[in-house]
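The values are calculated or read from the model by the stated rules, or taken from the named source; none is laboratory data. What you see is a predicted model; the values in this text were computed from it and never measured. Methodologically, a virtual Cβ is constructed for each residue, glycine included, from the backbone with ideal geometry; neighbour enumeration extends over all protein chains shown.
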Amino acid sequence: MVAEQRARFEREAQQCRDLAAELQHWKAEADKLAHASHVVQDRIRDLKASVAERRRCRRPRPVLKSAPIKTPDAGSESAREAAIRQRAPARPVGRRPERMFDTFAVIGADERSPATPVVQFRYPNRIDTGALDDAQLIAFAFPTGEVPVTTVDVSQSSSTLSCVRLGQDQFRKGANCHIFMHRRDCDEHDQASVYGVCVRVREARRLPDGQDGITEVAFCTMSRSPYFSVQFDMIERILAARKLFRLGGTGGEGPGASWVDPITDRRSGCTSILEDIYMATMPDPDHIVKVACPYELPMIVFKRPRLEIDAIREWCCSLAFSVSSSDTLVLILDLALREHSVIVVSDNLSLVSASVFAIVVMIAPLQWQGVLLPILPQSMEEFLQAPVPFIAGVQRLPAQIASSDDLDDNVAVWFPEQDDIWLPRRFHGRMPGADRLIDRLRPRLQALQSRSRKVLYTCNNAQAIAVNNVTSQVADVVQRLVDDDHADECEGEQDAADREYRQRLRATQMMTQWKATTLP
């Protein structure tokens, strides 16, 4: 009897323990649900705040005084292009307003001849006075004059094409992104230069012979100001919207699908990005403008630098400094101050163009008075024989320049990736203070360089500070050289070579222009 009662009590006790454990389990689940509920509520609150912020930042669309858009055949390509042309803002009267970009263009392979580049799309769909025409655009986007075309092996066709279509490399600043500049004939209302950003991405398409192939498409922006960062951000958002539109199944995804459709189809949001940025007011220096993007893409935020040279420094100097030694940079600075011509050579268009602009940054406050071509198209190679001072970037030297012995007396060649320079024959002596500047730059450059000397396309905060330190050290030396008062004070401490160098510097066009604009 006692044994039975004990067994029953043990069973009831075990049931109580099981119920307690189950109760503890459900209590834990309830705590998790409560926490998840709070997380969801916080997320909803953040999204509402984000939407409200975007609505505040989005500028109201201007009301265009034009006739209604007539599209008799909304599915035809000509109808879509006509609609975009009618939506493009009208040309302002008098001086054109300053914009974050003036022209956007897409250059791709011709349907019948894949190696031939053609302009596929342009916004606004007009060529303003002084703007680059189609031939010039093509030359700067594809300097060799041809679009790279690669056929895909049948056994690897599916995986290779999927990698091209779904890859994310096109959304990062790298070797596929270069900048260019072109001096143009201008009137009293316009500046004399056009600055551009070009991003080339691989594209899967069906070749005329029926094979699957991979070509390249160039997305380019042009502006009268060198604000490369905001132009690259715009291209990046357009590429992302284009990719999302295609993945949605409405823009075509097969190799034979037309890649132009996402740009011209307003449902993709690409033209919306173009219009919003085109119509946005350029902020004052040190002020910010924000432009919202479709598909919940990150907002474009642009803080206008105080000086244009700061925008060039931010984009270019990290690339050039990451592969150059202090000895090389001081030599390049010396060559530019003496107004020697410099040819920059590399297969990497991004590095070539950035290195050319880095020279412009280093000689500040002086301004280069010769010809400046960060990208020199292959069709203009004869320009390298010009008798005027120039700084030009090329992918390869012409056949007639096989070694340093073939150079003109006033021409130098800089190979950034090899950290090598071919000096001109007439280059003698050294810049005053060169040895001290080399010693000061060496530890600062080490913060930017890896052991393999890979090109640094983007900077963290520490690397950005190192870039500013390098340019500050160079600027101090250049300022001391161009400062007449300082030169007169130190005249007794200079040797004959230093005095001769200063005299030659004072005779350059850069010094003449600097004195004319700064001295009373």
- Item | Single residue of segment 343-370 satisfying the filter (crowded, with 24+ Cβ neighbours inside 10 Å and of a type in the set (S, T, N, Q)) that is nearest to VAL482 (Cα to Cα) | SER355
- Go through segment 300-374 and tell me which strands (runs of 3 or more DSSP E), entirely inside it, have 1 or more residues that are more than 19 Å from SER404 (Cβ to Cβ) and touching a strand residue (DSSP E or B) at 6+ places or on another chain (Cβ under 8 Å). 300-303, 371-373
- Note on the structure: Taking segment 442-463 and keeping only residues that are modelled with pLDDT of 90 or more and farther than 15 Å from ASP419 by Cα, one is left with PRO443, ARG444
- Task: Evaluate segment 380-389: report whether one residue or more is crowded, with 20+ Cβ neighbours inside 10 Å, at pLDDT 95 or above and under 27 Å from the mean Cα position of the chain (by Cα).
- Result: no
- Which one of these does ILE69 not meet: (1) farther than 25 Å from PRO283 by Cα; (2) at pLDDT 60 or above? (2)
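Residues checked against (1) modelled with pLDDT of 90 or more; (2) touching a Phe, Trp or Tyr at 6+ places or on another chain (Cβ under 6 Å); (3) farther than 12 Å from PRO432 by Cβ:
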| residue | (1), (2), (3) |
| --- | --- |
| ALA475 | yes, no, yes |
| GLU489 | no, no, yes |
| GLN494 | no, no, no |
| GLU500 | no, no, no |
- Only one residue in LEU372, LEU297, LEU351, LEU333 is hydrophobic (A, V, I, L, M, F, W, C), over 27 Å from PHE104 (Cα atoms) and touching a residue at least 24 places away in the same chain (Cβ under 8 Å), so which one is that? LEU333
- Conditions (1) under 23 Å from THR144 (Cβ atoms); (2) surrounded by 14 or more Cβ atoms within 10 Å (Cβ to Cβ); number of the one not met by GLN400: (2)
- Mind checking which residues of segment 412-438 are touching a helix residue (DSSP H, G or I) at 6+ places or on another chain (Cβ under 8 Å) and hydrophobic (A, V, I, L, M, F, W, C)? ALA412, VAL413, TRP414, ILE421, TRP422, LEU423, PHE427, MET431, ALA434, LEU437, ILE438
- Does VAL467 satisfy the criteria of being in the same structural domain as LEU351 (by TED's automatic domain parsing), in contact with a Cys (Cβ under 7 Å, 6 or more places away or on another chain) and either farther than 25 Å from SER353 by Cβ or at pLDDT 85 or above (or both)? yes
- Does PRO255 satisfy the condition of being outside any strand (DSSP E or B) and at pLDDT 80 or above? no
- Message: Give me the residue from segment 188-234 that is aliphatic (A, V, I, L, M) and over 30 Å from MET282 (Cβ atoms) and, out of that set, surrounded by the most Cβ atoms within 10 Å (Cβ to Cβ).
- Response: ALA204
- Which ones in segment 423-449 are small (Gly, Ala, Ser) and free of Cβ contacts under 8 Å to residues at least 24 places away in the same chain? ALA447
- Message: Can you tell me which of (1) exposed (fewer than 14 other Cβ atoms within 10 Å of the Cβ); (2) within 19 Å of ASP334 (Cα to Cα); (3) not aromatic (Phe, Trp, Tyr) is the one ARG440 doesn't meet?
- Response: (1)
